[in-house]
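The values are calculated or read from the model by the stated rules, or taken from the named source; none is laboratory data. Source: prediction; values computed, not measured. In this analysis, Cβ positions are derived from the backbone assuming ideal geometry, glycine residues included, and neighbour counts consider all displayed protein chains.
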Amino acid sequence: MENQHDDNCSLFTPSIITVTVSAVLIAITRVFYILCQSGKPLYPSKSPKPLSTLIVLGSGGHTAEMINVLNVLLLKDRFCPRFYVAAGTDNMSLQKAHLLEENVFNLNGGKGGSTQFLQIYRSREVGQSYITSIGTTFLALVHALWLMIRIRPQVVLCNGPGTCVPLCVIAFLFKVVGVRWSSVFYVESIARVRKLSLSGLLLYKLRIADQFFVQWPQLQRKYPRAHYVGCLM
Amino acid sequence: MGDAGDSAKQEKKVVFVTVGTTLFDALVRAVDTNGVKQELLRKGYTHLVIQMGRGSYNPTKCDGEDGSLAVDYFTFSPSIADHLRSASLVISHAGKLLFIFDIWCILTINLVIVVLHCGLFRSGSIFETLQLGKPLIVVVNEDLMDNHQSELAEELAERKHLYCAHPQTLHQTISDMNVESLLPYLSGDATPVAKLINTFLGFPDD
């Protein structure tokens, strides 16, 4: 009896191992393939269509920098529809986005694409205890996933702080799984002169950002894959 | 505000010190010392207005009638924009500040008075205020861990857009400063980023 049992096991184990190993190998190959493709520009089609765009607003200074970028970027009707996301505790950022959209609407002579303003749970508030933040982080992740499934953006624009990281990671996973190909752009804050922020470092090192912009030349020298774009403020 | 006929008011040069919503008694204490006040007086400033936030150290008020520096303080004010507009020099903390909306207002209504000096610190608001053309001393709060904001202050000080000081060296900074030698900060430009993003996405260059 015992021998037979052993035989059964030995019959099963190799096949389970083979399946797991090949699944892991396929997944790794896919991730590497995506990583290789990620930094490459999209090839221009004859008539480029507007792209659905997710704009992650940080707070205070981060939002101000993002608005400056959008002021130039939205001159042409290329980023449509637009989804603005800000942390649930941050009302100012969405107000500023509303103001910007009004300006864009007026500039375009009263016609504008669809725009949505959304709020997202923050994984951790300033001063929150680490134990409760495990729960809130999980909640924030689920909420981010739900938003991303609904939006499935083709372009993600972000400039920190932490709120954008889960959204960017999900955008990357969508590429791996094949749900949606997106281009992730990250602009490091002007306040970072010598070192990247934690969110910036993560997105740079993990190669999740397709293009990574910095505002000081010394930072570009330290992180050669970044693009130096000068001050935005 | 700013009546042309009133010459006494025209000579009023206000130094505005703000700590925003933070607690930075070290800065309030530093500007309240005789050394700093004498130095400011020597530089031609007549009034010192301190927004002390949540701090517990109350500076000594003074009406300045005996030719000394007039000192006034308050904790918070919804009209911080007015204080900024009338200030000739602003000494600020390098932490976080919650009055960005006021400064935002000054910019949008174009009530920028170029002769004055000012400064509020938070990466967003420092540039908004630098663009008002007001000379600025940023004081670094050493009590904050990982104060990456001082990185920016030091860089901008190196480029001569502002002065960067510590509470202990504020006195020295004021005595050494030459407001005329500060270079105006030119607004940044988002065109290079937009261009790179557009090219990457395959949109035609124009």
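Odds and ends about this structure:
- Residue count for region A:65-102, restricted to those that are hydroxyl-bearing (Ser, Thr, Tyr) and in a loop (DSSP other than H, G, I, E, B): 1.
- Candidate set from region A:186-207 (those that are surrounded by 24 or more Cβ atoms within 10 Å (Cβ to Cβ) and under 16 Å from the mean Cα position of the chain (by Cα)); member that is modelled with the lowest pLDDT: A:Ser189
- Beta carbons closer than 8 Å, at least 6 apart along the sequence or on distinct chains, pair a first residue in region A:17-37 that is among the hydrophobic types (A, V, I, L, M, F, W, C) with a second that is not in a helix (DSSP H, G or I) for A:Leu35/A:Arg207.
- Some residue of region A:86-93 being over 26 Å from B:Gly202 (Cα atoms), exposed (fewer than 14 other Cβ atoms within 10 Å of the Cβ) and among the hydrophobic types (A, V, I, L, M, F, W, C): no
- A:Trp181, sole failed condition from (1) modelled with pLDDT of 95 or more; (2) aromatic (Phe, Trp, Tyr); (3) within 30 Å of A:Leu147 (Cα to Cα): (1)
- Subset of region A:187-229 (residues that are assigned to a loop (DSSP other than H, G, I, E, B), within 19 Å of B:Ala153 (Cβ to Cβ) and in contact with a strand residue (DSSP E or B) (Cβ under 6 Å, 6 or more places away or on another chain)): A:Glu188
- Single residue of region A:45-64 satisfying the filter (facing chain B (nearest Cβ under 7 Å) and in a helix (DSSP H, G or I)) that is farthest from B:Phe200 (Cα to Cα): A:Gly60
- Yes/no for A:Gly127 being modelled with pLDDT under 90 and surrounded by 22 or more Cβ atoms within 10 Å (Cβ to Cβ): no
- Restricting A:Ser183, A:Ser197 to those that are among the small types (Gly, Ala, Ser), touching an Asp or Glu at 6+ places or on another chain (Cβ under 6 Å) and either within 11 Å of another protein chain (Cβ to nearest Cβ) or in contact (Cβ under 8 Å) with a residue 40 or more places away in the chain (or both) reduces the list to A:Ser183.
- Of all residues in region B:174-206, exactly one satisfies the criterion of being more than 7 Å from chain A (Cβ to nearest Cβ), within 23 Å of A:Val193 (Cα to Cα), at pLDDT 85 or above and buried (at least 16 other Cβ atoms within 10 Å of the Cβ), namely B:Lys195.
- Qualifying residue in region A:154-174 (condition: away from chain B (no Cβ under 14 Å), free of Cβ contacts under 8 Å to residues at least 60 places away in the same chain, closer than 27 Å to A:Leu219 by Cβ and part of a loop (DSSP other than H, G, I, E, B)): yes
- Single residue of region A:65-85 satisfying the filter (buried (at least 24 other Cβ atoms within 10 Å of the Cβ) and charged (D, E, K, R)) that is nearest to the other protein chains (Cβ to nearest Cβ): A:Glu65
- The set of residues in region B:142-169 being within 15 Å of the chain's Cα centre (by Cα), more than 13 Å from every other protein chain (Cβ to nearest Cβ), at pLDDT below 85 and not in a strand (DSSP E or B) consists of B:Leu162, B:His166, B:Pro167.
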